[in-house]
Amino acid sequence: MKILIVGCGKIGSTILASLTAEGHDITAIELDRDILAEITNIYDVMGVCGNGADCDTLAEAGAADAEMFIAVTGSDELNMLACYLAGRMGAQHTIARIRNPEYNDKSLTFMKQELGLSMAINPELLAASELFHTLKLPTAAKIETFSRGNFEMIELHLRDDSPLLGVPLHELRARYKAKFLICVVQRGDEVYIPDGNFVLQADDRIGLTASPAEAHKLLRAIGLASKQARDVMILGGSRTAFYLAKRLLAAGTDVKIIDRDRALCEDLCEALPKAVVIHGDGSHQELLAEEGIADMDAFVSLTGMDEQNILLSFFASSQKVPKVVAKVNRPELASMASRLGMDCIVSPRKLIADVLVRYARALHNSMGSTIETLYTLMDDRAEAVEFLVQDEPTLINIPLKELNLKPNILIAGIIRNRKPIIPTGDDCILAGDKVVLLVAGQHLQELKDILK
């Protein structure tokens, strides 16, 4: 697929790397020659130096023939204008990064219609949504949702005292009488799609699928159920912090935000009158202690520096804060923090890349199935993909045990009429179902790709 990407900053370069790995024909448009030279040296892409909202630049890059056009510069207005012009020149699908909270309110739907946008993406809003879901269930390292929240995948880091250890997986469901499926396991640098004889070990990172109610039943049974965080401290007054605080306050959570920028603190006070906003340097441990970090249910570090977020998160953990989350965009730092024991890390760049990879694959799909949701898991070594089944004669109305699946693929869930099913070998996929698949070591473009 021919894809044009305008803006090769942090978000743009992450999107470019993900889509290049998918095998697409990428052209990058960037105003900064040094950044463009670095991108074209690292990745197998074409580069055009210029303004993404200039018609001559767009024509040189081939906007008229683009199947996807993605504008992710630092300016919402430039992104929208670039998409509008590219669409008028012939680009089939246009996607703009729109971050301003004012645009992401009532006017967004109107702007998408008038500008002909296929999608508006907001990394900070996506990150805030993921953080909000995680804070609802503090014992989970991560929660991914499918079918509008009717089905969940919960990531857990197993400690030495976990009751799930040392028992074959086929015995666990009978033991805890909950409808769940442990569908992916990361052990060190290896990722497994386990069978029923797989035995979990301490320090494994697992992904389990279930409905929200069944997931809570299991977590209560193994002593990991905990109440939603009610007192949350957020370090950094970024857009992500604003979106997260707005949702937490609406849910009745007490929120305290700390930022060193006085003008930003004043803006947050006006926009979030129910929040406590502190003007100060949150990198000073004395300030955090004075503001009661030890009494918090959760600490979320959202400064613009990955290193600072990691270090202050470890400090919060040392103060026995039950739930600690850090925003870490750089993959190498996220991997390091995970190895050092930090369970919960959020990356806005990665969230946006997942969304656009899903969208690109969906455009390739046949009429038989469409991708609804896609998440990369376990340090990008596995994927969870949700398909809407329309007409797949090689798959529907056939017991799952009779399907000849490729290795490292697991059918983790079926959602039928909004009701989740943890499938057994006797279950069948029907037209209209949504099917959640776990895949390791490969990429799925279509549902039928699961068959040998």
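The values are calculated or read from the model by the stated rules, or taken from the named source; none is laboratory data. For clarity, every value in this text was computed on a predicted model and none was experimentally measured. Every residue, glycine among them, receives a Cβ derived from its backbone with ideal geometry; neighbour counts consider all protein chains shown. Note: areas computed on protein heavy atoms with side chains; ligands, DNA, RNA excluded. Shrake-Rupley method; radii C 1.70, N 1.55, O 1.52, S 1.80 Å.
Report yes if Lys274 is closer than 30 Å to Met378 by Cα and among the basic types (Lys, Arg), otherwise no.
When the stated conditions are applied, Lys274 does not pass them.
Are there any strands (runs of 3 or more DSSP E) wholly within the range 98-185 with 3 or more residues that are surrounded by 19 or more Cβ atoms within 10 Å (Cβ to Cβ), and if so which?
The qualifying strands (runs of 3 or more DSSP E) are 142-146, 151-157.
How many residues are in a loop (DSSP other than H, G, I, E, B) and free of Cβ contacts under 8 Å to residues at least 40 places away in the same chain if we restrict to the range 390-406?
3
Which members of the range 268-293 meet the condition of being in contact with a Phe, Trp or Tyr (Cβ under 9 Å, 6 or more places away or on another chain) and open to solvent by 30 Å² or more (accessible area, probe 1.4 Å)?
Selection gives Ala271, Gln285.
So, in the range 195-211, exactly how many residues are within 20 Å of Leu437 (Cβ to Cβ) and in contact (Cβ under 8 Å) with a residue 40 or more places away in the chain?
7
For Leu16, work out the one condition from (1) part of a helix (DSSP H, G or I); (2) open to solvent by 60 Å² or more (accessible area, probe 1.4 Å) it doesn't fulfil.
(2)
Mind counting the residues in the range 233-281 that are free of Cβ contacts under 8 Å to residues at least 60 places away in the same chain, of a type in the set (Lys, Arg) and in contact with a helix residue (DSSP H, G or I) (Cβ under 6 Å, 6 or more places away or on another chain)?
Matching residues across the range 233-281 total 1.
Out of the residues in the range 19-46 meeting the condition of being part of a helix (DSSP H, G or I) and among the acidic types (Asp, Glu), tell me which one is surrounded by the most Cβ atoms within 10 Å (Cβ to Cβ).
Glu38
In the range 47-59, which residue that is small (Gly, Ala, Ser) and under 20 Å from Met1 (Cβ atoms) is most open to solvent (accessible area, probe 1.4 Å)?
Ala59
Kindly evaluate Lys406 against the criterion of being more than 28 Å from the chain's Cα centre (by Cα), over 12 Å from Asp433 (Cα atoms) and basic (Lys, Arg).
no
Which is among the charged types (D, E, K, R) and either in contact (Cβ under 8 Å) with a residue 12 or more places away in the chain or closer than 28 Å to Ile234 by Cβ (or both), of Glu130, Glu171?
On inspection, the qualifying residue turns out to be Glu130.
Name, by its number, the condition in (1) on the phi < 0 side of the Ramachandran plot; (2) open to solvent by less than 10 Å² (accessible area, probe 1.4 Å); (3) of a type in the set (Gly, Ala, Ser) that does not hold for Gly236.
(1)
Could you please find all residues in the range 294-320 being of a type in the set (A, V, I, L, M), open to solvent by 10 Å² or more (accessible area, probe 1.4 Å) and not in a helix (DSSP H, G or I)?
Of everything in the range 294-320, those that are of a type in the set (A, V, I, L, M), open to solvent by 10 Å² or more (accessible area, probe 1.4 Å) and not in a helix (DSSP H, G or I) turn out to be Met296, Met305.
I'm trying to understand the selection: among the residues of the range 407-431, which are farther than 22 Å from His170 by Cβ and open to solvent by 70 Å² or more (accessible area, probe 1.4 Å)?
Asn417, Arg418, Lys419
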